[in-house]
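Peer 1: Before anything else, here's the structure in question.
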Amino acid sequence: MTRILDNDDVRQAIDLDECLEALATAYRDLPEGRSVHRPTSHIYAHHSMDDASYSFKSVEGAVERFGVLALRITSDIVRQETYNGAMRVEKLPLAGRGLFLGLVQVFSLETGELLGIMPDGVIQQTRVAITSALGAKALCRPEATRLGLIGTGGQARAHFRLLTHVLPIDTVKVYSPRPEHRQAFAEEMSTDAIEVEPTGSVASAVAGCDIICTATSTSTPIISGDLLQPGVHYNAIREFEIDESVYAKANVLGIHTKMGGIRHHLPPGIDDLPGIRQEKPRDWTVYPEISDFLSGRVPGRTDAAQITFFLNNIGTGVQFASMGHCILKAAEKMGLGKEVASDWFLQDIKP
């Protein structure tokens, strides 16, 4: 049988501690050859709107001990926009009645059949934040209590939940260029145990914080090295959020994966299309990755005064395989979603 879930099912099935451990296990397995993934790939085509492009994203990865491979795809219409002087890439909700299309498909390594299908919305935000949380545990001072958060969207919410889950954070200062967004975020996310304070600038949001996290869609750097004070840990989800001085300022620097940036594929003879952000060429192999820290091959923070920096530089398929495994296992136990006969996806013709 193939289990089909929606985002509400996924949300109910996610156990943060189980997913944290599953993803940490997959990362530790990478150096031993028991997990495998490839770089994310984007393929683009022209769109009928002059300021937009069609973008198809795909990435997959397998974790042997969980017996699964996951394929994540998105089918997007993208456009670059400017707000408050900052460039950002926005996805346009043109599917159906103002919706988006993103799917995670989970396959059995034993039989090859399709085990489950789910939308990528909740899982993709959570898997990024889980990786950031694992990086923070490896590099942050364990007594960190003050978080400076830049961003108020889905990724920022996921990072708020995960970073406060693994660290004793009791104060969060949040910034968004839209005052109404940061105020709404503070009202929504504040709890009896965590005070959330909206601030009017990036500098005020990060001042005096033990950990800084940028979770934005900006194409313009918003963090520079002069904002990083001794003892701070900084987490970025894309390299576009930082300028080069951050690399120089950090005493300990780690990345998600040495595979580097996204592989971009444009039509022949076309150098650029609207809504495409391409990373600067960089030798990613010189930096330790998350699997190095979690497997003990590379030490993390060794001094309380060190400035540590984790760049969650690109998504990988093992994130979706690990979380997909946990979600499907929980969904079956909880009776979530719908089951359809796997025969719907099988054939008697050899591919």
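The values are calculated or read from the model by the stated rules, or taken from the named source; none is laboratory data. Since the model is a prediction, treat every value here as computed from it, not as a measurement. Backbone-built Cβ (ideal geometry, glycine too); neighbour counts: all protein chains shown.
Peer 1: For the stretch 152-184, enumerate the residues that are in a loop (DSSP other than H, G, I, E, B) and in contact with a Gly (Cβ under 8 Å, 6 or more places away or on another chain).
Peer 2: Quick first cut of the stretch 152-184, residues in a loop (DSSP other than H, G, I, E, B) only: 152-153, 167-170, 176-178.
Hit for the stretch 152-184 is SER176, nothing else.
Peer 1: Follow-up. Just wondering, is there one or more residues in the stretch 192-207 that are part of a helix (DSSP H, G or I) and of a type in the set (D, E, K, R)? Give the steps one after another, and end with the answer.
Peer 2: Here is the first cut: in the stretch 192-207, the residues part of a helix (DSSP H, G or I) are 202-206.
With of a type in the set (D, E, K, R) added as a condition, the list becomes none.
No, the stretch 192-207 has no match at all.
Peer 1: Show the residue pairs meeting these rules: Cβ distance below 8 Å; 6+ apart or different chains; first residue within the stretch 228-256 and in the same structural domain as SER217 (by TED's automatic domain parsing) and over 20 Å from HIS159 (Cα atoms); second residue polar (S, T, N, Q) and surrounded by 22 or more Cβ atoms within 10 Å (Cβ to Cβ).
Peer 2: Qualifying pairs under 8 Å: ALA250/THR308; ASN251/THR308; VAL252/THR308.
Peer 1: Let me ask something else about it. Can you tell me which of TYR54, TYR27, TYR83 is surrounded by 21 or more Cβ atoms within 10 Å (Cβ to Cβ), out of contact with any Lys or Arg (no Cβ under 7 Å at 6 or more places or on another chain) and more than 16 Å from LEU103 (Cβ to Cβ)?
Peer 2: None of the others qualify; the one that does is TYR27.
Peer 1: Let me spell it out: the conditions are (1) surrounded by fewer than 24 Cβ atoms within 10 Å (Cβ to Cβ); (2) assigned by TED's automatic domain parsing to the domain that holds GLY200; (3) at positive phi, and GLY112 meets all of them except one. Which number is the exception?
Peer 2: (2)
Peer 1: Next up: Against the definition (assigned to a loop (DSSP other than H, G, I, E, B), surrounded by fewer than 20 Cβ atoms within 10 Å (Cβ to Cβ), without any contact (Cβ under 8 Å) to a residue 12 or more places away in the chain and out of contact with any strand residue (DSSP E or B) (no Cβ under 8 Å at 6 or more places or on another chain)), how does LYS350 come out, yes or no?
Peer 2: Spelling it out, LYS350 is indeed assigned to a loop (DSSP other than H, G, I, E, B), surrounded by fewer than 20 Cβ atoms within 10 Å (Cβ to Cβ), without any contact (Cβ under 8 Å) to a residue 12 or more places away in the chain and out of contact with any strand residue (DSSP E or B) (no Cβ under 8 Å at 6 or more places or on another chain).
Peer 1: Among the listed residues LYS338, LYS333, identify the single one that is without any contact (Cβ under 8 Å) to a residue 60 or more places away in the chain and over 22 Å from the mean Cα position of the chain (by Cα).
Peer 2: Residue meeting the stated conditions: LYS333.
Peer 1: Out of curiosity, is VAL36 part of a strand (DSSP E or B) and either modelled with pLDDT of 95 or more or surrounded by 17 or more Cβ atoms within 10 Å (Cβ to Cβ) (or both)?
Peer 2: Here the answer is yes, as VAL36 does meet what is asked.
Peer 1: Okay, moving on. Restricting to the stretch 109-142, name every residue that is over 15 Å from ALA13 (Cβ atoms), small (Gly, Ala, Ser) and outside any helix (DSSP H, G or I).
Peer 2: Of everything in the stretch 109-142, just one residue is over 15 Å from ALA13 (Cβ atoms), small (Gly, Ala, Ser) and outside any helix (DSSP H, G or I), namely GLY112.
Peer 1: For the stretch 227-240, state whether one or more residues are surrounded by 22 or more Cβ atoms within 10 Å (Cβ to Cβ), in contact with a Pro (Cβ under 8 Å, 6 or more places away or on another chain), assigned to a strand (DSSP E or B) and of a type in the set (A, V, I, L, M).
Peer 2: no
Peer 1: Would you pick out the residues in the stretch 292-326 that are touching a strand residue (DSSP E or B) at 6+ places or on another chain (Cβ under 9 Å), among the aliphatic types (A, V, I, L, M) and either without any contact (Cβ under 8 Å) to a residue 40 or more places away in the chain or not in a loop (DSSP other than H, G, I, E, B) (or both)?
Peer 2: Of everything in the stretch 292-326, those that are touching a strand residue (DSSP E or B) at 6+ places or on another chain (Cβ under 9 Å), among the aliphatic types (A, V, I, L, M) and either without any contact (Cβ under 8 Å) to a residue 40 or more places away in the chain or not in a loop (DSSP other than H, G, I, E, B) (or both) turn out to be LEU311, VAL318, ALA321, MET323.
Peer 1: Tally time: how many residues in the stretch 304-330 are more than 18 Å from the chain's Cα centre (by Cα) and either modelled with pLDDT under 95 or of a type in the set (Gly, Ala, Ser) (or both)?
Peer 2: Number of matching residues: 3.
Peer 1: So which residues in the stretch 213-256 are of a type in the set (Val, Ile, Thr) and within 25 Å of VAL89 (Cα to Cα)?
Peer 2: THR214, THR216, THR218, THR220, ILE222, ILE223, ILE237, ILE242, VAL246, ILE255
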